[in-house]
Amino acid sequence: YWGPLSFVLMVTIGREAVDDLRRHQRDHEVNSQKYKRLTVNETPGYEMVPSSKLKVGDMIIVEKNERVPADLVLLRTSDKSGSVFVRTDQLDGETDWKLRLAVPLTQKLNKDSDLFNIDASVYIEKPQNDIHSFIGTFSMHDGGDETGLNVENTLWANTVVAAGTATGIVIYTGCETRSVMNNSQPRSKVGLLDVEINGLTKVLFCAVLGLSLVMMMLKGFSGPWYRYMFRFVLLFSYIIPISLRVNLDMGKAFYSWQMQNDPEIQGTVVRSTTIPEELGRISYVLTDKTGTLTQNEMVFKKIHLGIVSHDNDTFHHIGQIIQNLAPTILSQSAPGVGGSGGSGGAGNSVVIEQQQAPLIITNKPMYSGNRMRHPEGWREWEAVKALALCHNVTPITDEDDNKSVSTSSTYTSSAGGSTSPTKSVINVEASATEHQYQASSPDEIALVKWTAEVGLTLIARDINSMTLQMKTRKSKGESADGMLQFQILQLFPFTSESKRMGIIVRDSGSGEITFYLKGADVVMTSIVQYNDWLSEESGNMAREGLRTLVVAKKVLSEEQYNDFETRISAARLSVTDRVAKVAAVIESLEREMELLCLTGVEDRLQDGVRPTLELLRNAGVRVWMLTGDKLETACCIAKSSQLIGRNQGLHVLRSVSTRTEAHAELNNFRRKQGHALVISGESLEVCLQYYRPEFLELATASPAVVCCRCSPTQKAQVVQLIQHHTGKRTCAVGDGGNDVSMIQQADAGVGIEGREGRQASLAGDFSVPQFSHIAKLLLVHGRRSYKRSAALSQFVIHRGLIITTLQAVFSAVFYLSSVALYQGFLMVGYSTLYTMFPVFSLVLDQDITSTTAVTYPELYKDLSKGRSLSYKTFFIWVLISIYQGGVIMYGALILFEDEFIHIVAISFSALIVTELIMVALTVRTWHRLMVLAELFSLALYLISLAVLHEYFDWEFIWSYDFLWKVSIITLVSCFPLYIIKFLRKKCSPPSYLKLS
């Protein structure tokens, strides 16, 4: 007894050790990544150390595309301005790059080694999990200078330096870093099937004690009764399925192997082999957005100009228009020509030399009556220019980029024959560097990339200016691309409240001041001048799943701008209500603006996202999106992925901050049946604080839920709340470091190894290359794993119950004796050689094909009810075991003649044949290995009959009496069960049988 138990424990411990060893190896790879640590004595000025050896106070260098290994205060950057861009997608889920600034007192040092020559100290707050705030000070003791530190001066661990090189001092390491404090502690996951089996095992243990106690009560508590009691416990201990753990562990290893070798979901990795059955009982899928549902790629799809619409098929026409207008535009933007910089006479018109006749234009608008007359294509030019200027995009180039700049264009005045001074319109050679861009949102980059495609490229930007490169028609095989310079006067960033962003620029050539504004159609409609097309076209683009932006402009005079600058400067110095006062001043400009265009940008979804979400919905799985991104972005992706139906209503909880507001919003949502819920992280906190049960009741009943601006901790909290409130199984899917807590908290965590790194993939129980693999992982492999494990568990339990029933009947008949019916090799061989292979072959069984499982996802709904293994099915198998055990034992007692050894031969043979037949009756799809297992086990038993003379009478075994007696007993024990199963299939078939 102790031998099998020890073997079972060793197998289980060994499997867990293998999983832990693999995790340790993956963690070791990350912790072994080496970084440059500044030193005083080393010749290069630094030494390479693994990230695990870093400690607080170390100064390290993080280069481009390197992961930040610890929380740092930024001291120096390779950029002279002290700025560096970092990617934070693995921390907060946002794909936009963040600008970080070095401490000014250290940035002005000549080189990194000078950091050892200053007497300074850094004060920091205690470790906390807020990734959006930081308080500290940097003090120079020798000079007395002190500067405050905020989050802009920090680099959090697990962010990535996107451009340039950063030098920082370590302030937090290990469990004190922001990323780790936002990750919940991983829990040891136990599958629901294992929990249910543990419950059944407790029932079986009580059955052992109860049956032993009944035997003792019938025998009487006389003499050394406790010895007899202990003997009965040992005799009936086969009820407890000790070998079940080994069988399940081997089955789980086989399921994991099948998942990893499925050609339709190549790249799948099973990192935890303990819970594959969980995938078959998922009720809620909670998914990240960025990099999970999307590819992190925005594509400019359409632009509408009021009278004409352009898409991919006609974008090249806009490029031709820009090239045709380029000479005119460049001449008007040349310094000293026209505008406020003109000097009359010669400054009022210019001649642009071309291959053919010269084009004579003026820098002033041409009028015909009361209407201004623009050159053809001027509307397209204004729209493209607005998109190229109204943004917060910054071009990023490598330091070694080879730029060739010249000032070779000269323009000559045709008025009076006089020659104007040489114009400093800069030309760039055709081999100019292709720029990478950073911005606060990927759709901003999509707009700027599109303007570059049609001929207006953003090539430089700093805090005060912007430079655009404009394509012109080539002459004599050489490029004549020119540069437009703009001074940035004011910038108004996008906010969730305003839903728009604006910029005021001055054309460095003409001196013209223009206010550009772009934003959502719901707010821009009341800002732009009256039109009859914006609302309709905006709705059309939204129905195409495009993210829309309305772009407008207003030309300001010097007096207008000076007045505005005075008022906004005063508002920004206000101590009270600063935000409201600044907004009021900006809104004073946002009146009767000229509508330029409506743009449509598509956030590319991963392949197969829409059909995958549809399959999950049809399978009865509710999908929640938990993202750290903006509410508007999350809603667009939810609609384009069809997580939210295009005609489905939305209830948005954006800025709930009080208990009263939460109560009112929840009551409104309660009245909106069938609406999807969209909620921000702040509103979620308030609702959970005051109305947790009510909110969870409404949210879990909603067809779709989108939670935006969620911190990593909130994501894990949502998963936990669903688990506790519904008792259902959850699956979390993510690809970034900000998803690790959610993945670890869910019953089944799936990491996607994508552009945001491997952190989520390493933390997940399962890893897949793309979201579309989730459908087959759940509907096919999850179903098979659960069904097979349930059947395997019940057969192992049945195998112990039936032999225990034989022992109980034998003991009762023979005067309640505590003598074993089968001894020695027979007991060992029963659960190993004779029945192990056929029973374990059930892991190859499948009730439906993978094609059927995906074609009819509704079949998945039955799995969540747990009907394959429940107390009902358990007691059915108990009754089957008692019936078959009683028939076999009483049949052997009735049919045996004179020797006890004949009882053993008849009953044991009938028992083995019954087990093999029961396996055959349970199989739904035969596999050749199943047939081999049945034949192999039967052959082994026949050999045993011939070899084990101490257990079997050779002459009796080969007699006709033995054959018919075993056959009769086996037929009586199995045939009625076959009839019942046949009638049940005909009268009340399960769902999967109805398809066939």
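The values are calculated or read from the model by the stated rules, or taken from the named source; none is laboratory data. Being a predicted model, the structure only gives us computed values, none of them experimental. Every residue, glycine as well, gets a Cβ built from its backbone with ideal geometry; the counts of neighbours run over all protein chains shown.
A few points about this structure:
- Candidates Val73, Val56 - the one that is at pLDDT 90 or above and in a strand (DSSP E or B): Val73
- Any hit, the range 567-577, residues being in the same structural domain as Gly681 (by TED's automatic domain parsing), without any contact (Cβ under 8 Å) to a residue 40 or more places away in the chain and not hydroxyl-bearing (Ser, Thr, Tyr): no
- When residues in the range 756-778 are screened for being over 11 Å from the mean Cα position of the chain (by Cα), at pLDDT below 90 and in a loop (DSSP other than H, G, I, E, B), 1 of them pass.
- Test: residue in the range 230-251 that is in contact with a Cys (Cβ under 9 Å, 6 or more places away or on another chain), over 24 Å from Asp19 (Cβ atoms) and at pLDDT below 90: no
Yes/no per residue for (1) surrounded by 24 or more Cβ atoms within 10 Å (Cβ to Cβ); (2) aliphatic (A, V, I, L, M); (3) not in a helix (DSSP H, G or I):
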site	(1), (2), (3)
Thr700	no, no, no
Val706	yes, yes, yes
Asn738	yes, no, no
Val750	yes, yes, yes
Val780	yes, yes, no
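- Residue that is more than 13 Å from Leu778 (Cα to Cα) and either part of a helix (DSSP H, G or I) or touching a residue at least 60 places away in the same chain (Cβ under 8 Å) (or both), where the choices are Leu863, Leu833, Leu859: Leu833
- Residue in the range 792-799 that is crowded, with 20+ Cβ neighbours inside 10 Å, in contact with an Asp or Glu (Cβ under 8 Å, 6 or more places away or on another chain) and among the aliphatic types (A, V, I, L, M) present: no
- For Glu632, the criteria (1) over 30 Å from Ile307 (Cβ atoms); (2) of a type outside the set (Ser, Thr, Tyr); (3) assigned to a helix (DSSP H, G or I) hold in every case but one, which is (1).
- Lys630 meets all of the listed conditions (1) surrounded by fewer than 23 Cβ atoms within 10 Å (Cβ to Cβ); (2) touching a Ser or Thr at 6+ places or on another chain (Cβ under 8 Å); (3) over 25 Å from Tyr691 (Cα atoms) but one, namely (3).
- Sole residue being under 31 Å from the mean Cα position of the chain (by Cα), at pLDDT 90 or above and farther than 30 Å from Ala732 by Cα, chosen from Thr177, Thr165, Thr173: Thr165
- Among the residues listed as Leu948, Leu895, the single one being more than 30 Å from Lys728 (Cβ to Cβ) and out of contact with any Asp or Glu (no Cβ under 9 Å at 6 or more places or on another chain): Leu948
- Selection count, the range 250-266, where residues are surrounded by 13 or more Cβ atoms within 10 Å (Cβ to Cβ) and not in a loop (DSSP other than H, G, I, E, B): 11
- Restricting the first member to the range 108-134 and to residues that are under 16 Å from Lys80 (Cα atoms), and the second to residues that are among the charged types (D, E, K, R) and surrounded by 16 or more Cβ atoms within 10 Å (Cβ to Cβ), the beta-carbon pairs closer than 7 Å and six or more apart or on different chains are Leu109/Arg76; Asp112/Arg76.
- Among all positions in the range 102-124, there is at least one residue which is over 26 Å from Asp739 (Cβ atoms), of a type in the set (Val, Ile, Thr) and either within 25 Å of the chain's Cα centre (by Cα) or in a strand (DSSP E or B) (or both).
- Matching residues in the range 527-563 - criterion: being among the hydroxyl-bearing types (Ser, Thr, Tyr) and touching a residue at least 40 places away in the same chain (Cβ under 8 Å): Ser538, Thr548, Ser557, Tyr561
- Subset tally (residues that are among the charged types (D, E, K, R) and surrounded by fewer than 16 Cβ atoms within 10 Å (Cβ to Cβ)) for the range 508-548: 4
- Some residue of the range 279-290 being more than 24 Å from Gln723 (Cβ to Cβ), at pLDDT below 90 and not polar (S, T, N, Q): no
- Which listed residue, of Arg617, Arg646, is within 30 Å of Arg783 (Cβ to Cβ), of a type in the set (D, E, K, R) and either touching a residue at least 12 places away in the same chain (Cβ under 8 Å) or in a helix (DSSP H, G or I) (or both): Arg617
- Here Ser272 meets each of (1) assigned to a helix (DSSP H, G or I); (2) buried (at least 18 other Cβ atoms within 10 Å of the Cβ) with one exception, condition (1).
- Checking each residue of the range 587-600 against the condition of being at pLDDT below 95, over 30 Å from Leu286 (Cβ atoms), part of a helix (DSSP H, G or I) and of a type in the set (A, V, I, L, M, F, W, C) gives at least one match.
- Where strands (runs of 3 or more DSSP E) fall entirely within the range 470-522, those with at least 2 residues that are at pLDDT below 90 and under 40 Å from the mean Cα position of the chain (by Cα) are at 482-492.
Per-residue answers, yes or no, for (1) hydrophobic (A, V, I, L, M, F, W, C); (2) surrounded by fewer than 20 Cβ atoms within 10 Å (Cβ to Cβ); (3) free of Cβ contacts under 8 Å to residues at least 12 places away in the same chain:
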{"residue": "Phe232", "(1), (2), (3)": "yes, no, no"}
{"residue": "Leu248", "(1), (2), (3)": "yes, no, no"}
{"residue": "Thr268", "(1), (2), (3)": "no, no, no"}
{"residue": "Pro276", "(1), (2), (3)": "no, no, no"}
{"residue": "Leu305", "(1), (2), (3)": "yes, yes, no"}
{"residue": "Thr314", "(1), (2), (3)": "no, yes, yes"}
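- Scanning the range 429-454 for residues that are touching a Phe, Trp or Tyr at 6+ places or on another chain (Cβ under 8 Å), modelled with pLDDT of 80 or more and among the aliphatic types (A, V, I, L, M) yields Ile445, Ala446, Leu447, Val448, Val454.
- Residue check, Ala571 among the small types (Gly, Ala, Ser), out of contact with any Ser or Thr (no Cβ under 9 Å at 6 or more places or on another chain) and crowded, with 16+ Cβ neighbours inside 10 Å: yes
- Yes/no for Ile969 being out of contact with any helix residue (DSSP H, G or I) (no Cβ under 9 Å at 6 or more places or on another chain) and either assigned to a loop (DSSP other than H, G, I, E, B) or in the same structural domain as Leu859 (by TED's automatic domain parsing) (or both): no
- A count restricted to the range 528-584 and to residues that are modelled with pLDDT of 85 or more and not in a helix (DSSP H, G or I) stands at 16.
- Flag for Glu47 being over 19 Å from Val161 (Cα atoms), at pLDDT below 95, in the same structural domain as Asn110 (by TED's automatic domain parsing) and not in a strand (DSSP E or B): no
- The range 552-569, subset touching a helix residue (DSSP H, G or I) at 6+ places or on another chain (Cβ under 9 Å) and among the hydrophobic types (A, V, I, L, M, F, W, C), residue farthest from Val582 (Cα to Cα): Ala552
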